[in-house]
Structures are given as structure tokens and as C-alpha cells.
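Structure record follows, encoded as C-alpha cells.
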Amino acid sequence: METAPPRVAIVGGGLAGMAAALGLSQAGLKVTLIEARSKTGGRAGSFIDPTTGAEIDYCQHVGMGCCTNLLDLLKRTGQLDAWRRYRSLTFIGPAGEVCPFAGSRWLPAPLHLMKAFSGLSYLSQDLRKTIAQGIWKLMRLRPEDQANWPTMQDWLTAAGQSEAAIREFWDVILVSALGEATDRVAVAPARKVLVDGFLSHRDAGDVWVPQLPLSVLFGQRLPDDLTRRGVEIRLSARAVGIESHGGRATGVRLSDGSTIAADYLLIATPWHQLQNVLGDASDAVDDGDAIASIPASPITGIHLWCDRTLTDADHLAFVGRTIQWLFRPTFASDQPGRIYHQIVISGSRDLPPRQQLLDQVVGELRELLPAAREANVVASRIVTDPKSVYSVSLATEKRRPAATTRLPNLWLAGDWTATGWPATMESAVISGYRAADQIADNLGRSSGNERPALAKSWLARLLVR
Ligand SMILES: Cc1cc2nc3c(=O)[nH]c(=O)nc-3n(C[C@H](O)[C@H](O)[C@H](O)COP(=O)(O)OP(=O)(O)OC[C@H]3O[C@@H](n4cnc5c(N)ncnc54)[C@H](O)[C@@H]3O)c2cc1C
């Protein structure tokens, strides 16, 4: 007689929950994905521009070549065609210098970066030397020594990096990659971004940019693929507690009073929602209170509709300015005299009030981009999510939990769990794949969802500790 497949309930339809759903459906489990909102995608979502009806991302998301798990998820669910790979970036120097940043395609990593570095014409010879010495010290830093400095800024200062070197190089790379200021982030995630994202492999620093709104990618295409694989997706269903019996989780209680019975349970909500889902069973997770109080870091998206295009580039990184990135999404349904641009500011804790901020960024655009000198802003919207990502401090790193809990059939996932990655789509997908692999292993079923990092080049293996 055929036995029914084991049932797994996943709470949270962000990237972590959906990655787990993919892995678990492939392992033959009956998967129910429970999402409180009317769409999946979580923090990677969009809003509707009331004037054009276009779907616009709350905040531009980009992946990198080193995001092997995110790229794997996109490939397996047939979505990679909707992402464009860029092998070079453009930095706008402090005085408006236009600097291409592209690694060599034939030198082994990390030597390939010498070419990229030489493009940063706004850096003086002295500053280049200082930064090169800093990169060398970072490569030679032993992983076990990373916790010796409270913040990356402390390490940079100890490594002889001047204020100018930090402002004009390290901050440009680190603040947007980590979603947090260098005087708060721990050394380990900062080093991970630089080593895995730039120094180990020629493709690691490629930038992958979605060519469709996030709500289409993660709110339609990805859940459609999961549904075709047999995953049941319950939208607008809020979990308010878990049921347990005999030391095992037995189901999820929803706010409408119903219960979804399950043999396995995975909670993939943000860290600050975990306790709400655990309900009475909060002691199932060690240090639940400490997890709930992990501090957050805000990211701000400034949506600007201008009477003309401000740049021909698809994206620009700004050095030492309030603006960190400017994007020109191709799908934003521009209309004559109403051209969409998005500015992204990570770690945006200390921004001035709305109008002052708008004046400041428009002033910077006019000063630095020739095409912006005569431009007028016809509409704007500023969106700050105060809990965009968790703050990747040393204290936070210590609080990030593993996927397992005190209950043998209850797992955790989410970008905030202990993946080794900062709060990114890659961390979310790793966490979902990892939980799926552990549940499948527990059942003696095939797993192997989690992908390894890009292999280090022969030279990086010699140089990077
Ligand atoms: C402004 C901003 C910019 C970003 N930029 C980038 C970027 O450029 N690159 C990058 O890699 N990452 C970026 N990130 C980070 C990235 O969005 C997250 O790391 C990732 O989406 C987290 O996925 P997740 O599944 O772990 O969590 P979430 O996306 O938060 O998903 C959790 C889901 O759980 C649901 N939920 C919560 N409580 C309940 C409940 N009680 N019952 C049912 N469902 C519940 C939520 O509604 C949500 O859908 C950015 C984030 C923000 C906010």
C-alpha cells in the first residue's frame, strides 16, 4: 500500500521559505507554504505607481556572481532569463569623475582586480597604495582573529586605512553590500563580502540585476513554479502559534482559528516575527528573546520621476556622497517627461527630513551628472524600511541561530540565521536550502540543495587565508 508523503508546513513566503519549498517538494514531501501577505516575496517586493500603474520595487535588489545559491534558485525555477549580468560597474568619483570598475577577464583572481582598481582615477597614488596594503592585510587576516576588532572600522583603522581611504573605497563597497555602516559591522561579514565577492574568483564580482519587478519575479513567477511542483501556497494566512505534542511540533495555528497539521515545520519569517509564530512554544528556540532583539538597519529607496533621463548608464555607484547608488530600471514604464530613476541609500539611519534629503540628492545629481543639470523632478517618493535587514554587528553574529531547534521536527530559516552571509537574498536562499537538506536527510531522502561557494582561483588559494 502506498503511504502518504510526509507533510511539511513552511511559515513565511520570502526567498528563504520558497527556496525550502523547492527543495522539499523535490524531496517528495507534501509542502504547504503559509504567507501572511497577499503575495509571496517578503522584503523583495514592489508597489504600484498610481500614475503609470507600473510595478516599482520598494528598493532595487541586486545579486552578485558569488551568490551561487540565489543563482541556482533562479536557474532551477526558470527565472535567470529575467536577470541581466553586468561585468563592470561605473563609479562616480567625488568630483564627478566617471570611473569604470571592471576586472581583467584573463588574470587570475585576485590579480584580476588590478585592472578594476586602475580605473578608479579619483584615487591618488598614495591612497591607492594605502588601499592595496589594506586589501593585502585583509587577505592575510586569519578567520579566527576576525572577532578581535569590535567593528570593521576598527580593523580598517588598525590596518592603516585613512579616513579618505575608508570613505572613497571601503565604504563604497561595504555599506551597500552589508546594508550597514562600517563603524557598526563586524569584520567577518565584511571580509566575506570582499573575499567571496571580489578577491576569490573572476566572476564573483559580477552584478546581477533583475529586468522585471520583484513582485513579478518572486510574487508570481517563482510561486507559479512552486505550485506546478505541487506546493500548496496559502496567501493572506497569518501563523499565530505552533501546536506541539509529546515533544514534537504537530501543526501551525492560523489567525482565523484553523490549524494546519504537519509532520515537519519550518519557520522562515524575519527574526523580529519569530516569537509571534512560536506563540506559547517560545522555549522551542534557544535565546528567542535575544534573537527578537537583534537590531535592524534601515535602507532607503528614493524614487524620482524626472522630466528627462539623468544618465545613459543602467546603474552608477557614487563615492563619498549621500547617494550610494542610482538605478535606471528598464521596466519602469517611462512616459514622455516622466522618466523613472531610483536612488538607494543603505544604513540610512542619519538622513535629514524628507524635503531636505530630496534637495540634497537632487543637488548631488545636478553637480555630478551633466545630463541632470537642467533636469526637474516631476514626482518623488521616499521609502525607508526601518527593519530592512538585521545589523551585521559582532553581537548579532553571535546571536544568529542554526537551523535546528529544541524540537526535533522544527527548523528555522531566514537571512538572519547562521549562514555566514550578511542579510542578503543569498543568505535567505542558503538558509532555505539548508533547512530543506536537513529535513530531507532526517527522512533519509535525497537532498543536496545547498550549493558550494565559487571555487577560489589557484592564486587566491595561495594568498587568502
Ligand atoms: C530595502 C531593501 C533592499 C535590499 N537590497 C538587497 C540587495 O540589493 N541584494 C540582496 O541580496 N538583498 C537585499 N535585501 C535583503 C533581502 O531582501 C532579504 O535578505 C531577503 O529578501 C530576506 O528573505 P527572507 O525569506 O529571509 O525574509 P523575508 O523576505 O522577510 O520573508 C519572510 C516572510 O514571512 C512572512 N511572515 C512574517 N510573519 C508571518 C506570519 N506570522 N505568518 C505567515 N507569514 C509571515 C512575511 O510576510 C514575509 O513574506 C534588501 C532588503 C531591503 C528591505
Expressed in angstrom, Rg and Dmax over the Cα atoms of region 44-183 are 18.2, 53
For region 1-114, the Cα-Cα pair-distance distribution in 10 Å bins from 0, as whole percents, is 10, 26, 28, 20, 11, 3, 1, 0
Normalised by the residues of region 150-260, what does the relative contact order come to in percent, with Cα pairs under 8 Å and at least six apart? 15 percent
Using amide H atoms built in the peptide plane, which far-off residues or other-chain residues are under 5 Å from A332 H to H? none
Full-stretch length increase - A132, A261 - with 0.36 nm per residue and alpha-carbon distance subtracted: 40.8 nm
Relative to the present Cα-Cα distance, how much length would full extension add between S293 and S38 at 0.36 nm per residue of separation? 89.1 nm
Going by alpha carbons, how many degrees (0 to 90, nearest 10) lie between the helix axis of 425-442 and the longest principal axis of the chain? 30 degrees
When only C-alpha pairs under 8 Å and at least 6 residues apart count, what is the relative contact order of region 102-205, in percent? 34 percent
By how many degrees, between 0 and 90 and to the nearest 10, does the Cα long axis of helix 15-26 differ from the longest principal axis of the chain? 50 degrees
Please give me the summed charge of the neighbours of S431: other residues whose Cβ is under 12 Å from its Cβ, Lys and Arg +1, Asp and Glu -1. -2
Mean Cα-pair separation over length for region 296-389, i.e. relative contact order, pairs under 8 Å, 6 or more apart, %: 48 percent
C-alpha long axis of helix 354-368 to longest principal axis of the chain, angle in °: 50 degrees
Positive-end residue of L127, V185, S200, charge dipole of region 102-205 with Cβ unit charges: S200
Assigning unit charges at the beta carbon (Lys, Arg +1; Asp, Glu -1) and nothing else, what dipole magnitude in debye, to the nearest 20, does the chain show about its Cα centre? 860 debye
Scoring only Lys, Arg, Asp and Glu (+1, +1, -1, -1) among other residues with Cβ under 14 Å from the Cβ of L407 yields -3
Looking at I260, G301, Q275, which one has the Cα that reaches farthest to the positive end of the dipole of region 165-310 (charges on Cβ: Lys, Arg +1; Asp, Glu -1)? G301
Would you mind listing how long region 42-88 runs along its three principal axes, going by Cα atoms, in whole Å with the largest first? 37, 26, 19
Stokes-Einstein D in µm²/s, Kirkwood radius over Cα pairs - region 88-153 at 10 °C with 1.306 mPa s viscosity: 117 µm²/s
Work out, step by step, the length gained on full extension between R366 and R381: first 0.36 nm times the residue separation, then minus their alpha carbon distance; give nm to one decimal. 3.5 nm
Region 124-272 - Rg over Rh from alpha carbon coordinates, Kirkwood radius: 1.16
Given a 1.4 Å probe and the protein chains all in place, what does the accessible area of M425 round to, in Å² to the nearest 10? 20 Å²
Compactness of region 373-465 - radius of gyration and Dmax, Cα, Å: 19.3, 65
If you take the Cα atoms of region 102-205, find Rg, then find the Kirkwood Rh from the mean of 1/r over all pairs, what is Rg/Rh? 0.94
Dimensions (Å) - the chain, Cα atoms, principal axes, largest first: 72, 54, 39
Which value, in Å to one decimal place, does the Kirkwood hydrodynamic radius take for region 278-393 when every pair of different Cα atoms is included? 16.1 Å
Hull volume per residue for region 270-341, using the convex hull of the C-alpha atoms, in Å³ is 148 Å³
Projected label distance in nm at A418 and R167, using a 7 Å step from Cα toward the beta-carbon: 3.9 nm
If I model a spin label as a point 7 Å beyond the Cα along the Cα-Cβ vector, how far apart are those points for Q125 and T52 in nm? 4.7 nm
Can you give the Rg to Rh ratio of region 176-250, both from alpha-carbon atoms, with Rh computed by the Kirkwood formula? 1.15
Taking a probe of 1.4 Å and leaving out DNA, RNA and ligands, region 302-396 shows per residue an accessible area in Å² of 41 Å²
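The values are calculated or read from the model by the stated rules, or taken from the named source; none is laboratory data. For clarity, every value in this text was computed on a predicted model and none was experimentally measured. Counting neighbours? That spans all protein chains shown, and the Cβs are built from the backbone with ideal geometry, glycine included. Quick note on the areas: whole protein, heavy atoms, side chains included, nothing else; ligands and nucleic acids left out. Shrake-Rupley method; radii C 1.70, N 1.55, O 1.52, S 1.80 Å.
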